[in-house]
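Here the structure is laid out as C-alpha cells; the discussion comes afterwards.
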Protein chains: 4
Amino acid sequence: MTTGRLEAFSDGVIAIIITITILIIDVPNGNDWPDLLAVLPLVICYAISFIVVGANWVNHHHLLQAAGSVNGKILWTNLLYLLVLSFLPVMTGWVGKSDFSMIPVRVYVLVNLGAALSYQLLEYMVIHADDCKILKTAAEDRRKERWTLAVDLLALIASFIPGVHYACCPLLVAAVAPWIIPDLRMKRVVELRNEKEQNRMD
Amino acid sequence: MTTGRLEAFSDGVIAIIITITILIIDVPNGNDWPDLLAVLPLVICYAISFIVVGANWVNHHHLLQAAGSVNGKILWTNLLYLLVLSFLPVMTGWVGKSDFSMIPVRVYVLVNLGAALSYQLLEYMVIHADDCKILKTAAEDRRKERWTLAVDLLALIASFIPGVHYACCPLLVAAVAPWIIPDLRMKRVVELRNEKEQNRMD
Amino acid sequence: MTTGRLEAFSDGVIAIIITITILIIDVPNGNDWPDLLAVLPLVICYAISFIVVGANWVNHHHLLQAAGSVNGKILWTNLLYLLVLSFLPVMTGWVGKSDFSMIPVRVYVLVNLGAALSYQLLEYMVIHADDCKILKTAAEDRRKERWTLAVDLLALIASFIPGVHYACCPLLVAAVAPWIIPDLRMKRVVELRNEKEQNRMD
Amino acid sequence: MTTGRLEAFSDGVIAIIITITILIIDVPNGNDWPDLLAVLPLVICYAISFIVVGANWVNHHHLLQAAGSVNGKILWTNLLYLLVLSFLPVMTGWVGKSDFSMIPVRVYVLVNLGAALSYQLLEYMVIHADDCKILKTAAEDRRKERWTLAVDLLALIASFIPGVHYACCPLLVAAVAPWIIPDLRMKRVVELRNEKEQNRMD
C-alpha cells in the first residue's frame, strides 16, 4: 500500500465525518424565530466540530504526505485515529441537545483529547517508520503538539467546574487553531525528499 | 498543500452535501397520492438546493483550478465557505416542512447569501495570493458576481413581503443560473498559465 | 472543465446515493425473526435499487470516459440525471415501507424511467458535442437503450394492474441487466481515440 | 473499465459504509452517565464493525490493485460484495439496540460470513481472469482465507448457544485481524508485474 492510497481513504472518511455532522441538527420544530433559537446550541456545536475536524484533516494530510512508507502499525494507528474522530458527530449532537450540560461537554472534550492523542501516536509511528532522518529532525519542534495537549487538558479541567465548563468549546477551538496554518515542518520534509530524489536521479 | 488536494477535499464535502440533502425528504406517510403531495414542497426545495449546490460546485472547482498556490488565508476562507454551504440541507428541510413559511424562507435566503459572500471572499483571497497578473485581469469582469449578489438581495427583500416571499426560491435559482455555464474567465487563466509554463520549458 | 473532473464528481454523488439508501432500512423493532421479516420488503427493495444504481454507475462512467469534451449542455443534463437518480433512496423507502403498494411502486417505476430517459438525453448530448465521428458510429447500435426503455414502460403498465404490479421490481432489474456488462461500444471509442492520438504523435 | 476506476468507486462506497455506521448511534437520551451507558452496546458494536470494514477495505484494495484487468464477472461479484458489506451499518444498529440478543447477533455473524464468502468469490474471479500465472502462484497460500472462514463459522456456532453468543463479536474481530497487516502476497504480485513490464520495455 502506498501512502497515496491511505491518504485517499482517510480523506474520504474525514470528508464524510465533517459533512454528516450536519445531520445531527434537527429541522426546527416550528416556523418562527424561537424555533430556530432552540437549535442554536446545536449550530454552535456543529461549527466547532467543523473547525476541529477541518484542522485535523489539514494536519493528517500533511503527515501522510511526509510519510515515506506505510506499515502495519501505521495502518492500525490510522484506523484508531479515524475511529476516535468518527465519534465527533454523535458527541456534537449530545452537547448541542443537552444545551452544553456538564457531562456531555466533558465526554466531548475527552473525544477531542482522544483524537489529539491518537494523532500524536500516529505521528510517532510515521516518524519511526521513516528510514531517512529528515522527518525526525523536522518533527523535533513539538510546540504545536504540546499546545494542543495543554489546552485540551485545560478544557478537561474546566469541564469539572460548573459555569466554567462553558469555556470548554472555545478552548477546543483554541487547541486546534495553530494547526489550520499549513504545517511548515511537514512541507519542508516533502521538499527535502523531492530534492534528494532528484539528486539521486541526476 | 497543493491546490489539487484542497480541490479533492472540497469536492468530496460538496458531493456529500448535495447528496445527503435527499435524507431530509421523509418517506411519505401512507401509500396514496395525497401522501406524496404532502412531501412535494420538500421535493421542490430539494431540487432548488441541488441546483444551487451544483452551480456552487462548478464555480468553486474552476476557481481552485485557476489558483496558483494555497496559503493559510485561502484554507480558512475555504473552510468558512464549506461551513456555510453545509447548512443548506437542514435549511432545505425547514423550508420544505414549513410549506414555504416566511421565516424559514428568509433564513434559507440568508444562507444562500452567506454562501455567495463567502465564495466571493474566497475568490478575493485566491486572486490576491496569486503572483501572476493573469488571474487578476481575468477576474476584472465581475458581472456574474454582481448579478448573484443583486438577485440574492432581491430575494431577501421579497422574503419580508407576505405572498411575494414565494418568489424567493425561483429567485435563488436565477441568482446561480449564469454560474452553471463553465466560467470562461477561469478557463482562460488555466490555459494562459499552461502556455506560460510551456514557454518557460522550451 | 475536463471530463475527468465531471467523472470524479458524478462518481462521488453516485457512490453516496448507492450507500445512503441503506439508511432507509430501519433497525428491526424487536429481537426476533418476525421483526427481521418485517423489514424484508425494505431489504429486497434496497437490493434492487443497489443493482439499478450500480448499473447506472457503470454506464455513466463509460459514457463520460468516451466523451471528448464537456460543454454547458452536458453539465446541465448531467446535473438533471444525478437529480433524478438521487430520488431513488427515498422512493426505495416508500416502496419498502408500503409493502409494495401500487402507487409507491408506480412512482418508483417512474423515477427509474426518468433516470433512463435523462441518461439517454445525456448520451445524446455527449455524442453531439463530440467532434470526431467515432463516438457517433459506435453509438449507432441502440439495442440496449431500446431494451431498457421497453422494459421500463412494461413495468409502468404492470404497475397499473393489481397483482401484476408485483412484477415491477423484477422488471426494473431486467431493464438494467444488460448494462452491467461493460459497454463494449464505449470501450472501443476510448481505444480508437487513443490510437488516433498516438498516430498524431508519431 | 480499468481497475483504477473500480478501485476508486469501491473505495468510495466502503468509506461511506464505514462512516455512516456512526449515524446508527443515537444521541444519548439525557445528560448523565447512565444515559451514555445506555448507548454503550451500540458504541462497542460500532467499533467492531469499524474494524471489520477497515480490514475488508485494506484487502479489497490490495486485491484490485493486483488484478490485471476487469471483466463482467468481476464487476458483478464486486457489486455483490459491496451489497453484502453495506448491510453492516443496519445490523450493527440491531445488535447494539438489542443489547447483544441471540438472533440479531446470529444475523450479524451471517452478514460477516457473507462478506467473507463474497470476498473470496471475488478473489477467485480476479485470479481466474488474470492472464499471467504470478497471481495464481501468489494466491496459493490460502491460510488467511481459511482462518477467516473457520473463525466466522465458529462464531456462527457460538451464536446458537445462549451465553456463549457473547463471544461472537470478539470472534468476528479475530477473524479479520490477520488481514489488517498488508497482504504481502498481493504486494509481491504488484512488484512482479512492474518488474515484468519494465523488462518488456528494456
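Worth a mention:
- Matching helices (runs of 4 or more DSSP H) fully within the range D:3-107 where at least 1 residues are crowded, with 24+ Cβ neighbours inside 10 Å and within 18 Å of the chain's Cα centre (by Cα): D:3-20, D:40-66, D:72-85, D:88-97
- Complete set of residues in the range A:63-81 that are out of contact with any Leu (no Cβ under 9 Å at 6 or more places or on another chain) and either within 7 Å of another protein chain (Cβ to nearest Cβ) or within 19 Å of A:I16 (Cα to Cα) (or both): A:G72, A:W76, A:L79
- Residue in the range A:89-110 that is modelled with pLDDT of 95 or more and touching a Leu at 6+ places or on another chain (Cβ under 6 Å) present: yes
- Scanning the range B:134-145 finds one or more residues that are under 16 Å from the mean Cα position of the chain (by Cα) and assigned to a helix (DSSP H, G or I).
- A:D26 falls short of the stated requirement of being among the acidic types (D, E), more than 7 Å from chain B (Cβ to nearest Cβ) and without any contact (Cβ under 8 Å) to a residue 12 or more places away in the chain.
- Against the list (1) surrounded by 12 or more Cβ atoms within 10 Å (Cβ to Cβ); (2) modelled with pLDDT of 80 or more; (3) not polar (S, T, N, Q), the condition B:D130 fails is (2).
- Unmet criterion (only one of (1) more than 23 Å from D:I48 (Cα to Cα); (2) at pLDDT below 90; (3) not polar (S, T, N, Q)) for D:R143: (1)
- Residues within the range C:150-162 that are surrounded by fewer than 16 Cβ atoms within 10 Å (Cβ to Cβ) and outside any loop (DSSP other than H, G, I, E, B), tallied: 3
- Filter result for the condition that a residue is within 14 Å of chain C (Cβ to nearest Cβ) and over 28 Å from A:G4 (Cα atoms), over D:V105, D:V84: D:V105
- The condition of being at the interface with another protein chain (Cβ under 7 Å from one of its Cβ atoms) and either closer than 30 Å to D:I161 by Cα or out of contact with any Leu (no Cβ under 6 Å at 6 or more places or on another chain) (or both) holds for D:R5.
- Any hit, the range D:115-124, residues being within 11 Å of chain C (Cβ to nearest Cβ), under 21 Å from the mean Cα position of the chain (by Cα) and at pLDDT 85 or above: no
- Qualifying residue in the range C:50-58 (condition: within 14 Å of chain B (Cβ to nearest Cβ) and either closer than 20 Å to C:A115 by Cβ or not β-branched (V, I, T) (or both)): yes
- Flag for B:T77 being touching a Pro at 6+ places or on another chain (Cβ under 6 Å) and in contact (Cβ under 8 Å) with a residue 40 or more places away in the chain: no
The values are calculated or read from the model by the stated rules, or taken from the named source; none is laboratory data. These figures come from a predicted structure and were not determined experimentally. Note that we place each Cβ from the backbone using ideal geometry, even for glycine, and neighbour counts take in every protein chain shown.
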